[in-house]
1. With a sphere of radius 11 Å drawn around the Cβ of residue 76, what net charge do the other residues whose Cβ falls strictly inside it have (Lys, Arg +1; Asp, Glu -1)?
2. Please express the shape of the stretch 81-123 as an equivalent ellipsoid: the semi-axes are the square roots of 5 times the eigenvalues of the C-alpha gyration tensor, given largest first in whole angstrom.
3. My understanding is that a pair violates if its Cα-Cα distance is over 21 Å; which of 68/132; 89/132; 52/89; 52/121; 27/89 do that in this structure?
4. Give me Rg/Rg_expected for the chain, where Rg uses Cα atoms only and Rg_expected = 2.2 N^0.38 Å with N residues.
5. What is the sum of charges, Lys and Arg at +1 and Asp and Glu at -1, for the other residues whose Cβ falls under 12 Å from the Cβ of residue 111?
6. Given H placed 1.01 Å from N in the peptide plane, which residues other than close sequence neighbours of residue 4 have an amide H under 5 Å from its amide H?
7. I'd like the projected area of the stretch 65-157, averaged over all directions, using the convex hull of its alpha carbons. Report it in nm² with one decimal.
8. For the stretch 122-132, take each phi angle, set θ = phi - 60°, evaluate the Karplus expression 6.51 cos²θ - 1.76 cosθ + 1.60, and give the result in whole Hz per residue in order, putting x for glycine and proline.
Amino acid sequence: MSMEIYLLTDAVVPTTQVWQEAIHALKFDARFVDERPLQAGEIRLRVECKGKPVLFEIERVSLARVRKTFPDVAFPDHMSHVHALYWSKTLEGGLAAYQAAAAYLGLVKGLMIDTEEGKLKTPDGAIELARKMSMEMPMLEAALADILAKIAAKPRN
């Protein structure tokens, strides 16, 4: 796991089934492979996105930790639940994570911050970002395929 998003909420989604229903309602691609409760402090979740496997970890963390990670961000004074969502660093992993995070926030009306942008996002902002990523995915896949083809075509010394 190498990328992460923090979810700051005052409510939690109880199961992957409820979370999946929210993802489906937004017409996103991410799909949980297993139905699981989400009460544990750290959980590994198998996900598929665009037919490829993705591994998530979701872990409870402290608001103090998130504040320390992003010292220039004005966080709310209190959030009952703070989770770090980690995923495998692939195009599909990133897309699945942003889609899942957006759906989670849509259910519980929390805030999101990612390590890439470092800005708080509302549920609507997170959903908009996930939709934008979904639309850009074919272009990113084509660019990656082009880069890999050029590397494969280079003569080896």
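Laboratory data are not the source of any read-out in this text; all were calculated from the coordinates shown. Here the structure is a predicted model, which is why all the values come from computation and not from measurement. Don't worry about glycine lacking a Cβ; one is built from the backbone with ideal geometry, like all the others, and counts go over all protein chains shown.
1. Taking every other residue near residue 76 into account, the sum is -1.
2. So the three semi-axes of the stretch 81-123 are 17, 12, 9 Å.
3. Among 68/132; 89/132; 52/89; 52/121; 27/89, the Cα-Cα distance tops 21 Å for 68/132; 52/121; 27/89.
4. With N residues counted in the chain, Rg over 2.2 N^0.38 Å equals 1.10.
5. My count for the surroundings of residue 111 gives 0.
6. Distant-sequence amide H within range of residue 4: 115.
7. The directionally averaged projection comes out at 8.1 nm².
8. 7, x, 4, x, 5, 5, 4, 4, 5, 5, 4
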